[in-house]
1. Restricting attention to the stretch 218-235, report how many residues are more than 20 Å from Ile66 (Cβ to Cβ) and not in a strand (DSSP E or B).
2. Give just the number: which of (1) assigned to a loop (DSSP other than H, G, I, E, B); (2) closer than 18 Å to Phe258 by Cα; (3) out of contact with any Pro (no Cβ under 7 Å at 6 or more places or on another chain) does Gly105 not satisfy?
3. With respect to the numbered conditions (1) surrounded by 14 or more Cβ atoms within 10 Å (Cβ to Cβ); (2) modelled with pLDDT of 85 or more; (3) under 37 Å from the mean Cα position of the chain (by Cα), which one is the sole condition not fulfilled by Glu100?
4. Which of the residues spanning the stretch 82-98 are in contact with a strand residue (DSSP E or B) (Cβ under 8 Å, 6 or more places away or on another chain) and small (Gly, Ala, Ser)?
5. Scan the stretch 124-165 for residues that are out of contact with any helix residue (DSSP H, G or I) (no Cβ under 7 Å at 6 or more places or on another chain) and among the charged types (D, E, K, R) and report the count.
6. Among the numbered criteria (1) farther than 18 Å from Ala69 by Cβ; (2) in a strand (DSSP E or B); (3) at pLDDT 90 or above; (4) not basic (Lys, Arg), which one does Gly93 miss?
7. For the stretch 79-94, check the following and say yes or no: at least one residue is crowded, with 21+ Cβ neighbours inside 10 Å and farther than 19 Å from Val23 by Cβ.
Amino acid sequence: MRLRCEDYGLGIFCSIFIEYSAVLAMLDENHSPPRSIPRGINVYRFGRIGRLNVVVVCLAPGAIGIGPASSAATQMVSDFREIEYLLLVGIAGGVPGGEEDIKLGDVVVGLKVVQHDSGKVHPEGFERNTGGLNGPPQYLLQVAQNIQSGSADIYSKLLGHIKNTTRFSQLQMPALNNFAVHYGIVASGNQVIRDAAKRDEICAAIPGAMCIEMEAAGLMNTRSCLVMKGISDYADSNKNDETQECAALMVAAYAKEFILQLGAERWTPGRKRSRESQRRTDDTDTDSENDYGDQDFKRRRYEVKPVTRRFKDEYESDEDSGEGGSDETSDDCGIEEDYIAQPFSDYEGDGDDLDDDSSEDSSEDSSEDSLEDSSDDSSDDSSDDSSDDSSDDDDEEDEEEKEWWDEY
């Protein structure tokens, strides 16, 4: 199945391959890439979960941290302009010993993201900046709250999603009484934390932090994003591949349940485009009957009178004969303000230039008449009279045109 780029309204972002493969295993349907997909730094996979079409992207091998994540997310929303929400789905190191008991295999949904390595270094020490990042959109938080309200059967739902896959069927999943979904603060930074002392230092500076990871801070200011992390370790030296696969699978199953709930709500792909279209319609709602379409940049119009003497004479003639009228003509002549620049494109100066040109023309005519005087005395008076009359008529006509132009 092949769709268009604008048919995809939800993006899923992963940072490593184990997260990427777990998300792909949750797709209900795989799609062929759109023919018009731009070529960039990202490699995408396409599919459907429930009734929503999704785009899945993963960072390139070795590209980890806030910077690469931000670049990839920016490229993603540029390639697929109908994407309204992003889901960051992956694994993270849990913070034990807090108010909530964070266990391996649990899922943390980020209500807030704090960059733990952002701040200033003073002689007294490091001053951490705990603000400046956008929060997740309220609509996605409402969907997460709906899932939380039915937390009694959330484990069975996630386990059902996992059983439908064959790729991870051999993994030892956490027991029912050892699984929970937590909602709280996610600490993000550019460092891989594998030291318990450093982990505790970060958590002391960011009270309420439930997990530590490396990409969320790069996505929060890119597009409306919700962070979902499976706990694969405790940010210390004790790590193994099996717990990472279990955590990746659990958070991918939670992401699928979230998307199913999202699709059951009022949100549908293309809503962003319809809102922008309606906003453009509201902006262009003016009294003018003319439709300028894509050329209507400023969306301001007003009446424009004819800008040459010829048009002015025709305008007055039609008005006197009763065939037209100022109201009728002005309705037909409404154009954009920005396109009224120089009516006489050949004249770059003001009205004085017209007088100068007339003077030069008159001088040239006088010179020619003087040459004719030397050859024919009988025609001298008539030539002078004709030249004077012509010069007077030109000056009078130029003066009238200058006065009309100044009045306009």
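1. So the answer is 1.
2. Condition not satisfied by Gly105: (3).
3. The number of the failed condition is (3).
4. Gly90, Ala92, Gly93, Gly94, Gly98
5. 4
6. Among (1) farther than 18 Å from Ala69 by Cβ; (2) in a strand (DSSP E or B); (3) at pLDDT 90 or above; (4) not basic (Lys, Arg), Gly93 violates only (1).
7. yes
Let's see how each residue does on (1) under 26 Å from the mean Cα position of the chain (by Cα); (2) within 25 Å of Ile147 (Cβ to Cβ):
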{"position": "Ala187", "(1), (2)": "no, yes"}
{"position": "Asp200", "(1), (2)": "no, no"}
{"position": "Cys203", "(1), (2)": "no, no"}
{"position": "Met210", "(1), (2)": "no, yes"}
{"position": "Ala217", "(1), (2)": "yes, yes"}
{"position": "Asn221", "(1), (2)": "yes, no"}
{"position": "Ser224", "(1), (2)": "yes, yes"}
{"position": "Lys239", "(1), (2)": "no, no"}
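The values are calculated or read from the model by the stated rules, or taken from the named source; none is laboratory data. What you see is a predicted model, and the numbers here were worked out from it, not measured in a lab. When we count neighbours, we look across all protein chains shown, and the Cβ atoms used for this are built from the backbone with ideal geometry, even at glycine.
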